[in-house]
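Laboratory data are not the source of any read-out in this text; all were calculated from the coordinates shown. Values in this document were obtained by computation on a predicted structure and should not be read as measured data.
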């Protein structure tokens, strides 16, 4: 465990010393070369076969290499999130915000707000970019097995968020209850809703049945609060565009179960539209659909 923490600290130190652009390039190229040989690439290929059957084998492999490169760049940029600034000159590290007017409006909003996104582009940049508009939101995280490594990761996230830290809720039942209490008191919460949840509800994603977490939709309907969709577009090494969309129109038919299913599907449809724009920007490396579909594609 000590060796793992030492290795992590050395890697982080090297990435910091390299600067945001070089760190992004180095990590991106390394993962692009190594990733296609790792087992998750086979899962990604099956995912693409099912979700986008019109693609050729070569197109799928190009996307998979791009997925690994984006993942590597996201990791390489992680130690530098606190240094990235908005509207820097073209070609320099930084980010721009599309839809900033929605964040400015939310800064005056009293009561809970929910942000919804997925593992697209450098998703780690979304919380700090939003926070700099006076609309910081809490989020869920999966704790690293090594406590020292976890402390390093949380320290970098806190530094990126600035002087006003927000809660990080551990994934699981206890964290979910704490997040619900936080929202009930008027807190802002962001969730990445693009991974499989076996005890979720069935919706469609790329035309396929996909068990989907209903928590965000359930809270939105309970509190009738704004749901803000947003995602990150990679423009280059350590160069990002934060896209913030208008609040979603919540269904209100009087049938709670139907409204819940409708909103979950609306969110999945939004996610799919983002991924189709740039498939290599999404994390295709997990089993997103039922096991039975994977057996059919072998």
Which percent, nearest 5, of DSSP beta bridges in region 2-296 are antiparallel? 40
Matching label, Cα extents along the principal axes in Å computed from the structure shown, candidates [x] 55, 51, 42; [y] 90, 39, 35; [z] 66, 48, 38: [x]
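Would you calculate, for the chain, the mean residue ellipticity at 222 nm contributed by helices, counting each DSSP H stretch of 4 or more residues as -39,500 (n - 2.57) and dividing by all residues, to the nearest 500?
On the way: 11 runs with 142 residues, N = 298.
When only DSSP H runs of four or more count, the value is -15000 deg cm²/dmol.
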Over region 2-296, calculate the relative contact order: mean separation of alpha carbon pairs under 8 Å at least 6 apart, over the residue count, as a percent. 25
Please build a GNM for the chain, connecting alpha carbons under 10 Å apart, and tell me which residue among 225, 31, 14 fluctuates the most. 14
